[in-house]
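Worksheet for the structure shown next.
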Amino acid sequence: MPPQVSNGETDELFTVTADYLRKRLTPELSQPKVAIICGSGLGGLVDTLEETDKVEFLYEEIPGFVSSTVPGHAGKLAFGLLGENKMPTVIMVGRFHFYEGYNLNQITFPIRIFKLLGVEILIVTGAAGSLREEFATGDIGVLSDHISIPGFSGINPLIGPNLTTFGPRFPALSDAYDYDLRVKAFKAARKLNFTTGSIKEAIYCFLGGPSYETRAEARFLNSMGGDVVGMSTVPEIIVAKHCGIKVLGLILVTNQVIRNKAKSADPMDYQQMMNYQDEKPVNHEEVIALGVLKALDMKNLIKTIIELI
Ligand code: HPA
């Protein structure tokens, strides 16, 4: 039974896990510069690593790691060299979510392991729903900021004793999304001839899930400045920023979030009532399917960004 991660964990468990991985890797792979977290349906990113040098660990084998319980999120950590510049990289295939019942310390545990291994850049990917017409299904959002709704009510991965070896008690998040990396993302998209408008900056609203948002919640998020909404990425980003890792957030818009008022139709007006039936509620299978469909674009984008680093 691996040691359990809980609120108030000590530096010791992080060291145990980092040593566990280091001992099983060649010196070249044991000091990755880039870490990538694959979101829903985007696990194929792991294929960008050179096969010959790849080393994989199942989450169950790694001390302190929990398991991913979500369909579409396999659970393994892969180390390898990525792109023409052979960037030493670690990829999380499958991530942990708040809605799985894990606490935020468990969810963000890998980030501090990455820090101890020497990671300087974290690329977080994920699926998200669109809160605006401009963000079409299939578009890619380069995160420029976020709104953490759980954060408003005291749910934050940094709550508890501060681990000063990793970072300050009160870290700033006003520059959480590294500007140079965002520029590189757009340079890479241009290089790959992505259609204009299919990739743009986005403000991400984080909700705990697992239920998708109501129409009224979606209107609220839209009116407060959110572009897209999802159930991941933000806890990892907060912990990465706390320990001085540069962050790039890339999301794939997998669906449109229904925002119109449910009860504005005249119930006696047959045509208006029929129009409602046109709006199909979001479902997880479609979110995954879209991820799989666009995985190649995301994969090429990340590979090209890394070649620009
Ligand atoms: N809402 C929240 N999370 C999501 C969505 C959504 O519409 N799509 C993909 N992840």
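Key figures for this structure:
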read-out: Enumeration of residues in the stretch 111-144 that are over 19 Å from THR254 (Cα atoms) and β-branched (Val, Ile, Thr); value: ILE111, ILE113, VAL119, ILE121
read-out: Qualifying positions in the stretch 231-257 - part of a helix (DSSP H, G or I) and within 16 Å of the ligand (Cβ to nearest atom); value: VAL234, PRO235, GLU236, ILE237
read-out: Filtered residue count, the stretch 74-92, keeping only those that are open to solvent by less than 10 Å² (accessible area, probe 1.4 Å) and closer than 19 Å to THR233 by Cβ; value: 5
read-out: Residues of the stretch 166-197 classified as in a loop (DSSP other than H, G, I, E, B) and modelled with pLDDT of 95 or more, total; value: 16
read-out: Tally of residues being assigned to a helix (DSSP H, G or I) and open to solvent by 30 Å² or more (accessible area, probe 1.4 Å) across the stretch 140-150; value: 1
read-out: Tally of residues being open to solvent by less than 60 Å² (accessible area, probe 1.4 Å), within 13 Å of the ligand (Cβ to nearest atom), touching a helix residue (DSSP H, G or I) at 6+ places or on another chain (Cβ under 6 Å) and not aromatic (Phe, Trp, Tyr) across the stretch 177-227; value: 4
read-out: Those residues of the stretch 28-47 which are within 16 Å of the ligand (Cβ to nearest atom) and either open to solvent by less than 10 Å² (accessible area, probe 1.4 Å) or in a strand (DSSP E or B) (or both), in sequence order; value: ILE37, CYS38, GLY39, LEU42
read-out: Matching option when the condition is within 16 Å of the ligand (Cβ to nearest atom), under 28 Å from LEU290 (Cβ atoms), open to solvent by 10 Å² or more (accessible area, probe 1.4 Å) and basic (Lys, Arg), among ARG132, ARG95; value: ARG132
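The values are calculated or read from the model by the stated rules, or taken from the named source; none is laboratory data. Because the structure is a prediction, the values reported are computed rather than measured. Neighbour counts run over all protein chains shown; Cβ positions are idealised from the backbone, glycine included. The accessibility values were calculated without ligands, DNA or RNA, using every heavy atom of the protein model including side chains. Shrake-Rupley method; radii C 1.70, N 1.55, O 1.52, S 1.80 Å.
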